1. Looking at this structure, is D12 of a type outside the set (K, R) and within 12 Å of the chain's Cα centre (by Cα)?
2. Filter the range 18-37 down to residues that are at pLDDT 95 or above and in contact with an Asp or Glu (Cβ under 8 Å, 6 or more places away or on another chain), then give me how many there are.
3. Within the range 50-61, is even one residue open to solvent by 50 Å² or more (accessible area, probe 1.4 Å), hydrophobic (A, V, I, L, M, F, W, C) and free of Cβ contacts under 8 Å to residues at least 24 places away in the same chain?
4. N21 fails exactly one of the following numbered conditions: (1) touching a Phe, Trp or Tyr at 6+ places or on another chain (Cβ under 9 Å); (2) in a helix (DSSP H, G or I). What is the number of that condition?
5. So the check is Cβ under 8 Å with 6+ separation or different chains; which pairs have a first residue in the range 1-28 that's loosely packed, with under 12 Cβ neighbours inside 10 Å and a second one that's of a type in the set (G, A, S)?
6. Scan the range 25-57 residue by residue and report those that are of a type outside the set (S, T, Y) and not in a helix (DSSP H, G or I).
Amino acid sequence: MPQATEEFEKGDFDACHSILNKLSKSRGPDPKLFHNKAILEYVRSSYTRTDEYKKAMKDACAKVCKLFPE
C-alpha cells in the first residue's frame, strides 16, 4: 500500500482511489483498505461529508467484526 500512500500524500486522490480499488480486488476483504477508503473519501470531500465518513467508518468496523468474530 505504499504506492497508495504516496499518491494520497501528493494529493492525487484519483490515483490513490484507483490503487485501493485494485488492491481490494486482489486482496479481498482487508480492514486496512476499508479504513483507508473511508478516510480517502472524507478528504476528497474537503472534510465536509462528516456524516458519510462516520457511516463509512462504522461500516468498516462492522466488516472487520464479520472477518474476526469473537
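1. Against the criterion (of a type outside the set (K, R) and within 12 Å of the chain's Cα centre (by Cα)), D12 does not qualify.
2. Matching residues across the range 18-37 total 1.
3. Yes, the range 50-61 contains a residue that is open to solvent by 50 Å² or more (accessible area, probe 1.4 Å), hydrophobic (A, V, I, L, M, F, W, C) and free of Cβ contacts under 8 Å to residues at least 24 places away in the same chain.
4. Here N21 clears every test but (1).
5. Pairs that qualify, where the first residue is loosely packed, with under 12 Cβ neighbours inside 10 Å and the partner is of a type in the set (G, A, S): there are none.
6. Residues satisfying the conditions are G28, P29, D30, R49.
The values are calculated or read from the model by the stated rules, or taken from the named source; none is laboratory data. These figures come from a predicted structure and were not determined experimentally. Every residue, glycine as well, gets a Cβ built from its backbone with ideal geometry; the counts of neighbours run over all protein chains shown. Only protein heavy atoms, including side chains, enter the accessible area calculation; ligands, DNA and RNA are left aside. Shrake-Rupley method; radii C 1.70, N 1.55, O 1.52, S 1.80 Å.
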